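Student: The structure that follows is given in the form of structure tokens.
We did not get these values from a lab; they are worked out from the coordinates using the rules stated. What you see is a predicted model; the values in this text were computed from it and never measured. Here the Cβ positions follow ideal geometry from the backbone for every residue, glycine too, while neighbour counts run over all protein chains shown.
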Amino acid sequence: MTDNQAMHFLIVGAGFGGLACALELQRKGCTVHVLEKEKQLSESGDVIIIAANGTIVIEKWPAVWNDLNVTASKIPAITIQDSAGKLLVSQPWDEAYNGHINIWTSRARLQKAMYDEAIRQGVKITFGAKVSDHWEEGDSAGVFVNGEKLVADAVIGADGVYSKTRTYITKAPDSPTRSGVAIYRSWFPMDRLLENPLTRDLAKNAKDSSFVWIGEDRHAIVHFNSTLQHVGAFLTHKDTYTVEESWSYPGKVKDMLAFVEGWDPLLRAVFSQIPEEVLIDFKLLWRDPIKKWVSDAQRVVLIGDAAHPHLPTSASGAAQALEDAATLAALIDKAGKANISKALMAFEKIRFERTTATQRMGWETRHKWHQTDWDLVRENPEYLQIPQPDWLYGADPERYAYENYDSVIEHLEKGTPFKNTNIPPGYEYTEWSTGELTELDKQTGDESIYIVK
């Protein structure tokens, strides 16, 4: 810490962003109290992708890193096919980028490992903590939880897509909107595939691998983790319901199969073996990008999905939450207790443009897969590949924060020029809304609408 004065933070939410931020702040010498509204840590979850820009953060938590490195899938390629199972392109997927691994792993297992590490490091975590309001006064901030007033140097809102912290900061009671797409998600033991003749060899000869099937207005993914001997199976479909985004909404295998009638028999055979008790019909919600991540009194800040919810096709939601954590902790460490407000404003400046690019990139990938320009695919199958640009995978968020702190602060205080270099080359953020993208979903792919390279 710059001024060696102890700092205390309240974090609302014990998801990836909240736990990562707690670990990073505790590592910098701060004390942290995490408040989670649920009564216990969720054990639900399936597969999560974390590229090198995220694993570079996790490497600093040895126990979490060791478990992740042993149990994660390290796939050599992603096989992208049409709905009939015809190969379109095999996308190489490097095991590492700049010496940091790219992994696919169990969402629930990683979150549990992060939670266990936080407890070992002395982070206080309270479950069943329902935040009713936020407050700020002078150099302090806090929340009211179950009628009790809690005090800290600052509050970090990691409370997800339904964030109350976001409403407090923006003073706009906007709600997340439906993206128009839902996704069936499942994670189940691989030996289930032994029961079907079509899938038996997949289970017997299982290797770390991922397969994508692309069809009109939907796509399917099947992922194999040979170490954990589990399969993740997913299918997007049109969202025609009004329920909230939740892990608890049950899916039905027969409904899932109906969406892929006439598709590759192998895919249908995998889906048919999903245990229905683990199948979730998950409503994908999103929000418009907001420029205001910090409260007027500059003692409350947003991170993760509360600030920038991503679609799964971004393959970046978890990594961006990890980047948030590393960036914010480094800026606070650099600023010291006397300048916490400056650190929060610098965080907003450093992170906003980058996350608008990764959010938009997720929609662009989904659009290419759902409103496919098949003439272009025939000319250039690589068109369908998941983006793996250097500006994204090659990032070190902690180093970037330390290196740019002084220039960002000078920009904020004196108006001197500052331009982020953690964004796509030539990228200029222009305002867009989820409503505009939903309208674009009605037309076939057009290169002019893909702005993130």
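Student: Where does each of ASP116, ASP174 land when they are ranked from fewest to most other beta-carbon atoms within 10 angstrom?
Tutor: With the sparsest Cβ surroundings first, the list reads ASP174, ASP116.
Student: Which ordering of LYS419, LYS112 is given by a fewest-first count of other beta-carbon atoms within 10 Å?
Tutor: LYS419, LYS112
Student: Show which lysines lie in cross-link reach of LYS204 when reach means a straight Cα distance below 22 angstrom and same-chain residues fewer than eight apart are skipped.
Tutor: Output for LYS204: LYS74.
Student: Mind putting a number on the dipole of the chain about its Cα centre? Charges go on the C-beta only, +1 for Lys and Arg and -1 for Asp and Glu, and I need it in Debye to the nearest 20.
Tutor: Charge dipole, the chain, about its Cα centre: 700 debye, nearest 20.
Student: Give a quick list of GluC sites (Glu not before Pro) in region 235-343 that DSSP marks as loop, anything other than H, G, I, E or B, with at most 11 other Cβ atoms within 10 Å.
Tutor: In loop regions of region 235-343 (DSSP not H, G, I, E or B), the sparsely surrounded GluC sites (Glu not before Pro) are GLU261.
Student: To continue, here is another question. For each pair in LYS60/LYS337; LYS149/LYS342; LYS28/LYS164; LYS39/LYS124; LYS28/LYS334, compute the distance between the two Cα atoms and list the pairs where it is over 19 Å.
Tutor: LYS60/LYS337; LYS149/LYS342; LYS28/LYS164
Student: GLU379 to GLU403: FRET efficiency via 1/(1 + (r/R0)^6), r the Cβ-Cβ distance, R0 41 Å, to the nearest 0.05?
Tutor: The computed FRET efficiency comes out at 0.50.
Student: What does the C-alpha gyration tensor say about the overall shape of the chain? Classify as rounded when a/c is under 1.5, otherwise prolate if a/b is larger than b/c, or oblate.
Tutor: Taking the square roots of the gyration eigenvalues as a ≥ b ≥ c, the chain is prolate.
Student: Would you work out which of ILE423, LEU266, GLY13 lies farthest towards the positive end of the dipole of the chain, given +1 charges on the beta-carbon of Lys and Arg and -1 on that of Asp and Glu, about the Cα centre?
Tutor: So the residue we want is GLY13.
Student: A further question follows. Dipole size in debye (nearest 20) for region 21-150 around its Cα centre, Lys and Arg Cβ +1, Asp and Glu Cβ -1?
Tutor: About 280 debye.
Student: Are there GluC sites (Glu not before Pro) in region 382-453 that DSSP puts in a loop and that have at most 11 other Cβ atoms within 10 Å, and which ones?
Tutor: GLU428, GLU431
Student: Hey, another quick one. Per 0.36 nm of contour for each residue apart, how much would the distance between GLU276 and GLN5 grow if the chain were fully extended, relative to their Cα-Cα spacing?
Tutor: 92.3 nm
Student: About the Cα centre of region 329-453, how large is the charge dipole given +1 on each Lys and Arg Cβ and -1 on each Asp and Glu Cβ? Please answer in debye to the nearest 20.
Tutor: I would put it at about 500 debye.
Student: Divide by every residue of the chain the summed helix terms, -39500 (n - 2.57) for each DSSP H run of at least 4, and state the resulting mean residue ellipticity at 222 nm, rounded to the nearest 500 deg cm²/dmol.
Tutor: Value at 222 nm, helices only, nearest 500: -10500 deg cm²/dmol.
Student: Provide the packing ranking of 384-390, 309-315, i.e. peptides ordered by the mean count of other C-beta atoms within 10 Å per residue, highest first.
Tutor: Highest-to-lowest ranking by the protection proxy: 309-315, 384-390.
Student: Can you work out the FRET efficiency for the pair ALA77 and GLU137, with r the C-beta to C-beta distance and R0 = 41 Å, to the nearest 0.05?
Tutor: 0.15
Student: List the trypsin sites (Lys or Arg not before Pro) within region 1-107 that fall in a DSSP loop (any state other than H, G, I, E or B) and whose Cβ has at most 12 other Cβ atoms within 10 Å.
Tutor: Answer in residue order: LYS39, LYS86.
Student: Can you return the aspartates and glutamates within cross-link range of LYS254? Criterion is Cα-Cα under 14 Å, with same-chain partners fewer than 8 residues away left out.
Tutor: Answer for LYS254, where 14 Å is the Cα cut-off: GLU276, GLU277, ASP281, listed by chain and number.
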